[in-house]
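Just below is one structure, and these are the notes that go with it.
Throughout, read-outs are computed from the coordinates displayed, never taken from laboratory work. Since we're looking at a predicted model, the values are computed, not measured. Virtual Cβ from ideal backbone geometry, glycine too; neighbours counted across all protein chains shown.
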Amino acid sequence: MSLLEIKDACKRFGGVQAISEVSFRVEQGEILGLIGPNGAGKTTLFNLITGAIQMDRGSVLWDGREITGLRPDLACKAGISRTFQVTRPFGRMTCLENVYVPLLENQPNLKGKARQQESARLLGVTGLAGKEAWLAESLNLIDKKRLELARALAAGPRLILLDEVLGGLNTMEMQDALKLIKSIRDEYEMTVVWIEHIMGAIMSVCERVLVLDMGRLICQGEPGVVCQDPAVIEAYLGEQADA
Ligand SMILES: Nc1ncnc2c1ncn2[C@@H]1O[C@H](COP(=O)(O)OP(=O)(O)OP(=O)(O)O)[C@@H](O)[C@H]1O
């Protein structure tokens, strides 16, 4: 049984068919890339999976159980966690306190020093060691993304949805981030679905890739195969090469 299955998902916003009859499976333990041009529907798909918006039609199966339309907090409790392209920390709280919030939900028995240590450990994992006491609003964009990831990990998910976590990183930072994404799967045994525009990064980390274009799933498969697909080159990779 697949960890996650999306069946015939459809979502329209006014005149825009953002998602159109999209079906796919996510297998336990894989790192699945989700690519496609701007406006293809990638973030909308995350919003549908996490219950942030409701599908017009279609269903979401989680571990074989239908969870279509489950509220985001309940989807998170069920084991689906996400990061946002536009980060959403509690600005007036410290980094440590920001991580407490999902940790409290996930491990309510963790109290006092133990909770502080676990929060600090997660901040260390995502590259924020030394910034535990900083207010989230004082972080730069890259560190806000790191905090976002620490918060997503603190929820203890089985599936983590990453929305463009590499934007703005230099080469060294990107290498570290790629190692971290691999370790999320290899050490923390989480399944990863990852939206990204940086093709080299997707190619080096993902075992499988889905390609969306104008709300439709136009291709899926191993990265090397997907990159050779004429429809993908026409809809997306040609545009990337021209950029
Ligand atoms: N809440 C909303 N209300 C109206 N239209 C929306 C809403 N959310 C998304 N859309 C539209 O749906 C389409 C898909 O948007 P979406 O953000 O999912 O694309 P994307 O593939 O994630 O793009 P990007 O790579 O630029 O982040 C776009 O045309 C967008 O303008």
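Details
- Among 214, 172, a tally of other beta-carbon atoms within 10 Å of each Cβ gives an order, fewest to most, of 172, 214.
- Point-to-point label distance, residue 182-residue 21, nm (Cα→Cβ direction, 7 Å offset): 3.9
- Mean separation of Cα contacts under 8 Å (6+ apart) over length of the chain, as relative contact order %: 26
- Structure-based [θ]222 nm, the chain - -39500 (n - 2.57) summed over DSSP H runs of at least 4, per residue, nearest 500: -10500 deg cm²/dmol
- Spacing of the two label points (7 Å from each Cα toward its C-beta) at residue 88 and residue 52, in nm: 0.6
- For the pair residue 140 and residue 13, the difference between a 0.36 nm per residue extended length and the Cα-Cα distance amounts to 42.5 nm.
- In a reduced charge model with +1 at each Lys and Arg Cβ and -1 at each Asp and Glu Cβ, the stretch 89-156 shows a dipole moment near 100 debye about its Cα centre.
- Here the relative contact order of the stretch 167-235, from alpha carbon pairs under 8 Å that lie six or more residues apart, stands at 18 percent.
- Result for the chain in a Gaussian network model with C-alpha springs under 10 Å: among 54, 228, 85, the largest mean-square fluctuation is at 228.
- With the gyration tensor restricted to C-alpha atoms of the chain, the semi-axes of the equivalent ellipsoid amount to 30, 21, 16 Å, longest first.
- For the stretch 121-243, with +1 on Lys and Arg beta carbons and -1 on Asp and Glu, the positive-most of 192, 214, 166 along the dipole: 192
- Ordered by the number of other Cβ atoms lying within 10 Å of each residue's own Cβ, fewest first, 46, 90 fall into the sequence 90, 46.
- Fully extended contour minus Cα-Cα distance, from residue 121 to residue 189, at 0.36 nm per residue: 22.8 nm
- Membrane-span-like helices in the chain, defined here as complete DSSP H runs extending at least 18 Å along the helix axis by their C-alpha atoms with mean Kyte-Doolittle hydropathy no lower than 0.0, are 141-154; this is a sequence and geometry rule, not a statement about a membrane.
- Candidate lysines - alpha carbon under 28 Å from residue 7, same-chain residues fewer than 8 apart omitted: 42, 77, 182
- Per residue convex hull volume, Cα atoms of the stretch 89-156, in Å³: 67
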